[in-house]
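Any read-out appearing in this document is the output of simple, stated calculations on the displayed coordinates, not a laboratory observation. All values reported here derive from a predicted model rather than from experimental measurement. Please note: Cβ atoms are built from the backbone with ideal geometry, for glycine as well, and neighbour counts cover all protein chains shown.
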């Protein structure tokens, strides 16, 4: 990260490990501002944006819904089953997301900011933060939660999990590991301790 006096927490983990739960707690309890990579990624593919047009050019009108918006489910089926297509799409979206983060960080006076970045390590965005937090649970819990949350088949859920860096690899790179394999109270306690230890 470029030199800064702000504390910039990069929150990540595997899909369905509990990032949203951690993010919501930090907002509700500590009133931290949260900048969300997923929101910026959705902005990037708004109808008629240059990135949206590039997607249409690559895949054709079949990738659109009847209202002409992007069919995210169909796009997901493509990229979660083809590494090359996933890399192409990320090469379109990530520069936009990176720029939006920089703008929001520079425009904020908050001393502590949470950056919710599911692909923090995969996208090489660690330079945007001063510390990395990884939300962890067992692979069995992750698979079960994803199937239940997104109403997916086991095959679909496994494809989404496998499209990300293995959770164990993220844990090795983390400054802080939040264990979300037990109760919410236990998870919240870990968050409280992390902020207190670092003089929040």
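Side notes on the structure shown:
- Residue 63 versus residue 4: modelled label distance in nm, points set 7 Å from Cα along the beta carbon direction: 3.0
- Nitroxide proxy distance, nm - points 7 Å out along Cα→Cβ at residue 193 and residue 181: 1.6
- Choice from 17, 132, 153 showing the highest fluctuation, given a GNM over the chain with Cα pairs closer than 10 Å: 153
- Residue order, fewest to most surrounding Cβ atoms within 10 angstrom, among 27, 45: 27, 45
- 0 to 90° range, to nearest 10: angle between helix 83-107 axis and the chain longest Cα axis: 50
- Between residue 83 and residue 34, the C-beta separation translates, for a Förster distance of 25 Å, into a calculated FRET efficiency of about 0.25.
- Burial ordering of 168, 122, fewest other beta-carbon atoms within 10 Å first: 168, 122
- Our summary gives the range 43-107 a relative contact order of 27 percent, counting only alpha carbon pairs under 8 angstrom and 6 or more residues apart.
- Remark: the residue 138-residue 171 segment gains 10.7 nm on full extension, using 0.36 nm per residue and subtracting the alpha carbon distance.
- Taking only Cα atoms of the range 43-107, radius of gyration then Dmax in Å: 12.8, 39
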